Amino acid sequence: MAENGDQGRHQEVGHKSLLQSDALYQYILETSVYPREPEAMKELRELTAKHPWNIMTTSADEGQFLNMLLKLINAKNTMEIGVYTGYSLLATALALPEDGKILAMDINRDNYELGLPIIEKAGVAHKIDFKEGPALPVLDQMIEDGKYHGTFDFIFVDADKDNYINYHKRLIDLVKVGGVIGYDNTLWNGSVVAPPDAPMRKYVRYYRDFVLELNKALAADPRIEICMLPVGDGITLCRRAS
């Protein structure tokens, strides 16, 4: 978010753009994103802006990117870990075919239910199987069952950064060969290149090392091809190659 007193900095709620020019980011939003944003996504974005934890939301440009990506890969069976009010979930649901499915997991059902009426009004709630609680036990059970190996076309992770490595160890078995896992916040407020003694918010400093560890692990994982993009707060796409 913009620092106090930094004149001209972008004030968009959920703004995480790493572009040096906020005017350029505003141009992207106003020229490409907002004119094409589905009405339901706009309504959910504006609702989320009033929530005290709105910094957790997926940015509008990243929502547009995810929606396009899912269509490009013809995704049908997907998973989302970390839902919040459901902006990225709605972007996914709108992109999937009528019989598409999303397994959505979050520790807080109340936040999800804030956005649920909008998701229902958009006519895509039937695609979502929401589970409240930690995702790791669910993933472990799915792996133990044996019937979910390689069944997911796309998985999006925007949750507890200290468990990203643990998620990856499991998700690599659940995504199909040729499928994609997207890890959000992999540039983590730009802190990944900040010196250790740089001033940072407490939560940024706490999770920074976990994000750095993840980025190193993904770069060294021979089972995937990766692409790190400076969209939102950084998203790393991992295509399972083997």
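Side notes on the structure shown:
- Looking across region 48-81, the residues that are part of a loop (DSSP other than H, G, I, E, B) and either among the aliphatic types (A, V, I, L, M) or out of contact with any Lys or Arg (no Cβ under 8 Å at 6 or more places or on another chain) (or both) come down to Ala49, Lys50, His51, Pro52, Trp53, Thr58, Ile73, Asn74, Ala75.
- Scanning region 184-205 for residues that are surrounded by 11 or more Cβ atoms within 10 Å (Cβ to Cβ) and either part of a helix (DSSP H, G or I) or not aliphatic (A, V, I, L, M) (or both) returns Asp184, Asn185, Thr186, Trp188, Asn189, Gly190, Ser191, Val192, Tyr203, Val204, Arg205.
- Glu225 being without any contact (Cβ under 8 Å) to a residue 24 or more places away in the chain, more than 16 Å from the chain's Cα centre (by Cα) and under 18 Å from Ala104 (Cα atoms): no
- Counted as qualifying within region 82-150 are the helices (runs of 4 or more DSSP H) with 2 or more residues that are open to solvent by 30 Å² or more (accessible area, probe 1.4 Å), over 22 Å from Arg170 (Cα atoms) and among the acidic types (Asp, Glu), namely 109-121.
- The set of residues in region 153-183 being touching a Lys or Arg at 6+ places or on another chain (Cβ under 7 Å), open to solvent by less than 20 Å² (accessible area, probe 1.4 Å) and among the aliphatic types (A, V, I, L, M) consists of Ile172, Val175, Val180.
The values are calculated or read from the model by the stated rules, or taken from the named source; none is laboratory data. Computed from a predicted structure; not experimentally measured. With ideal geometry, Cβ positions are generated from the backbone for all residues, glycine too; neighbour counts draw on all protein chains shown. With ligands, DNA and RNA removed, areas are computed over all heavy atoms of the protein, side chains included. Shrake-Rupley method; radii C 1.70, N 1.55, O 1.52, S 1.80 Å.
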